Every structure is written in structure tokens, then in C-alpha cells.
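The values are calculated or read from the model by the stated rules, or taken from the named source; none is laboratory data. Keep in mind it's a predicted model, so treat the numbers as computed, not measured. Positions of Cβ are backbone-derived with ideal geometry, glycine not excepted, and every protein chain shown enters the neighbour counts.
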């Protein structure tokens, strides 16, 4: 029992540090994480950076606001995909609900990359606790903006992505 409290405290402290760093534009989170995709393949973020900004959308099939928000992300994907923006829809469904992810994605016709984070480790590494949770990274993987809860101003998000696309790559 004591060990669980220590783990929980360590997780909270880590989340606070990450949030503190990200609010100052400092990326303290690793970009080398790897998750499975819907086809059983593996996706490593660090191998896919460099072409433009990346949106990490943390969601779940049981999260109604997440599913509403993803409708708006579909239009952003259509507008920005060819310009180099990648959208990663990271499902936080656990082993009990994970079987619903593929049918949901197919039913709504989303074409962005869908990854599975059943242990919530990647979500936690970005300071996420609840859903929906969206993180915007620049082309190097540095956190530029974090949205907690449903995004109310989708135009603000589009503007940020446009601005990040204009910035020269540091490669």
C-alpha cells in the first residue's frame, strides 16, 4: 500500500514538472516512445518528426467530448496533412474497450494515424490526467501548446499550426 502511494506521488510530481516545463516551451518529455498502431505495427515518434508540427490527440471510445472534438480534427487533417502536419489519435482505451477503437475509426472515416496507449504511459508523460487532452509539438518534438479538455477555439489551433509550419526547421 505504501509503495502505491509513493508511485502515485512520483507520478504527480512528474506531471507537475512536465506541465511546468511545457508552459515555458521546454520539452522535458521523451520523443522516443513507441506505441502499437491499429494494424499491430509499431510507431516511434522520434522517427517521424521533422516534416512539420505534430498533434497528439489523447482520446477514448467512451469519451463523448473526445469523439465530438475528433470531428473537428478531421477537417484540420484534411487542410494540413499535405503541408506536413501529422495527427496522431492516441487511444486511451484499456483492454476491456480497445476492441471498439477500430470499428469506431472505420465508421467515421478518420484517416489519421491511430495509436494504442492502454497503460496511459504516453498520456502521463505529457502531463495528461483526463480526456480529451491535446498536445501540439513543433517539428523537433518540443511542446508548443497543451489543451486540457475539449478545445473551444478550433481557429486558434489552426492558426498555431499555420504559424509552426512557417517556422524554419532546425534540421
So, residue 112, is that one surrounded by 15 or more Cβ atoms within 10 Å (Cβ to Cβ), at pLDDT below 95 and out of contact with any helix residue (DSSP H, G or I) (no Cβ under 8 Å at 6 or more places or on another chain) or not?
no
Residues being without any contact (Cβ under 8 Å) to a residue 60 or more places away in the chain and surrounded by 14 or more Cβ atoms within 10 Å (Cβ to Cβ): count how many of those fall in region 51-93.
16
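Residue check: is residue 125 more than 14 Å from residue 57 (Cβ to Cβ) and under 11 Å from the mean Cα position of the chain (by Cα)?
Details: more than 14 Å from residue 57 (Cβ to Cβ): yes; under 11 Å from the mean Cα position of the chain (by Cα): yes.
So residue 125 passes the test.
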Inspect region 30-45 for any residue being in contact with a helix residue (DSSP H, G or I) (Cβ under 8 Å, 6 or more places away or on another chain), at pLDDT below 95 and within 17 Å of residue 144 (Cα to Cα) and give the result as yes or no.
yes
Among (1) out of contact with any strand residue (DSSP E or B) (no Cβ under 8 Å at 6 or more places or on another chain); (2) in contact (Cβ under 8 Å) with a residue 24 or more places away in the chain, the one test that residue 107 misses
(2)
Selection within region 38-49 - surrounded by fewer than 14 Cβ atoms within 10 Å (Cβ to Cβ) and not in a helix (DSSP H, G or I):
39, 40, 41, 42, 44
